[in-house]
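Have a look at the structure below, then the notes.
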Amino acid sequence: MAAPLIAPSILSADFARLGEEVRAIDAAGADWIHIDVMDGHFVPNLTIGPGVVKALRPHSAKPFDVHLMVSPVDVYLEAFAAAGADIITVHPEAGPHVHRTIQAIRALGKQAGIALNPATPAKTLDYLIDDIDLVLVMSVNPGFGGQSFITSQLRKIEAVRKMIEKSGRAIHLEVDGGIDAVTARCCTDAGANALVAGTATFKGGPDHYAANIAALKGTD
Ligand code: DX5
Ligand code: ZN
């Protein structure tokens, strides 16, 4: 099996040195840069806005994987697209018309992702699968880094993998939350091809990023 794509979540980076941190994970082998946007309303935390995304854009040529945990979400799509997002992922609970949101992301020329919270069923994808580029299975409840992996989500990853195969489309299956070298393997065995990792990437500081990413990929 091919090694999974690793998308370090900069939520666990040193916010006082964000540009340097992005350059360090890029050099250490990150495939995508995962940016967690939280509004203090849809989730109980406040993080990053489009201004920060724009400021980080010159620091890496790798895809910016922007995870929007904001509601309402449609009003912010254009700002994140202009700031340099490549993939924009939204939660179906974040707006009244998620299909319209997906259409809006693609009309901006960006890849569109759907995030499924732990209690949100795979079935939510039934009428979206033909229009999306990525599914993000949340293996923690969104809001914070450093939480424990919820194992029931492995069944959902398997179910989503089957739906993707059936669709015949090239859709990424990414998992977010509580990923370490052990849970990473469980997720790839279940069918994931991309993994978000905050705590596990940034632990130990910059000297450890390359080894941390290799451990997540299983190439160490
Ligand atoms: C949670 C975020 C995650 C989180 C992952 O709401 O979407 O990306 O930061 O953090 P770790 O890898 O520490 O569980
Ligand atoms: Zn995330």
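Structure notes:
- Scope the range 120-149; condition within 16 Å of ligand 2 (Cβ to nearest atom) and of a type in the set (Phe, Trp, Tyr); matching residues: 144, 149
- Subset of the range 88-103 [open to solvent by less than 40 Å² (accessible area, probe 1.4 Å) and either modelled with pLDDT of 95 or more or within 15 Å of ligand 1 (Cβ to nearest atom) (or both)]: 88, 89, 90, 91, 92, 94, 98, 101, 102
- A search for C-beta distances below 8 Å between a residue of the range 92-112 that is on the phi > 0 side of the Ramachandran plot and any residue that is surrounded by 13 or more Cβ atoms within 10 Å (Cβ to Cβ), counting only pairs 6+ apart in sequence or on different chains, returns 109/81.
- The residues of the range 89-104 that are more than 16 Å from ligand 2 (Cβ to nearest atom) and either touching a strand residue (DSSP E or B) at 6+ places or on another chain (Cβ under 8 Å) or assigned to a loop (DSSP other than H, G, I, E, B) (or both), listed by number, are 95, 96, 97, 98, 101, 102.
- Of the residues making up the range 188-203, at least one is farther than 19 Å from residue 136 by Cβ, over 17 Å from the mean Cα position of the chain (by Cα) and away from ligand 2 (no atom under 16 Å from the Cβ).
- Of all the listed residues (146, 177, 218), the sole one being within 26 Å of residue 20 (Cα to Cα) and free of Cβ contacts under 8 Å to residues at least 40 places away in the same chain is 177.
- In the range 130-149, residue farthest from ligand 1 (Cβ to nearest atom) [restricted to those that are of a type in the set (A, V, I, L, M) and closer than 15 Å to residue 183 by Cβ]: 137
- Note on the range 1-17: among residues that are of a type in the set (A, V, I, L, M) and open to solvent by 60 Å² or more (accessible area, probe 1.4 Å), the one that is modelled with the lowest pLDDT is 1.
- Residues in the range 173-220 that are of a type in the set (Val, Ile, Thr) and either over 22 Å from residue 68 (Cβ atoms) or in a loop (DSSP other than H, G, I, E, B) (or both): 179, 182, 183, 188, 213, 219.
- Of the set (1) under 27 Å from residue 193 (Cβ atoms); (2) part of a helix (DSSP H, G or I); (3) open to solvent by less than 40 Å² (accessible area, probe 1.4 Å); (4) away from ligand 1 (no atom under 16 Å from the Cβ), all apply to residue 29 but (2).
- Condition met for residue 161 (more than 18 Å from the chain's Cα centre (by Cα), more than 16 Å from ligand 2 (Cβ to nearest atom), charged (D, E, K, R) and open to solvent by 10 Å² or more (accessible area, probe 1.4 Å)): no
- Scanning the range 114-158 for residues that are loosely packed, with under 14 Cβ neighbours inside 10 Å and β-branched (Val, Ile, Thr) yields a single hit, 151.
- The range 71-88, residues that are out of contact with any Gly (no Cβ under 9 Å at 6 or more places or on another chain), in a loop (DSSP other than H, G, I, E, B) and closer than 21 Å to residue 142 by Cβ: 85, 86
The values are calculated or read from the model by the stated rules, or taken from the named source; none is laboratory data. Everything quoted here is computed from the prediction, not taken from an experiment. So basically every Cβ, Gly included, is an ideal-geometry build from the backbone, and we count neighbours across all protein chains shown. Side chains are part of the model used for accessible areas, which takes the heavy atoms of the whole protein and leaves out ligands, DNA and RNA. Shrake-Rupley method; radii C 1.70, N 1.55, O 1.52, S 1.80 Å.
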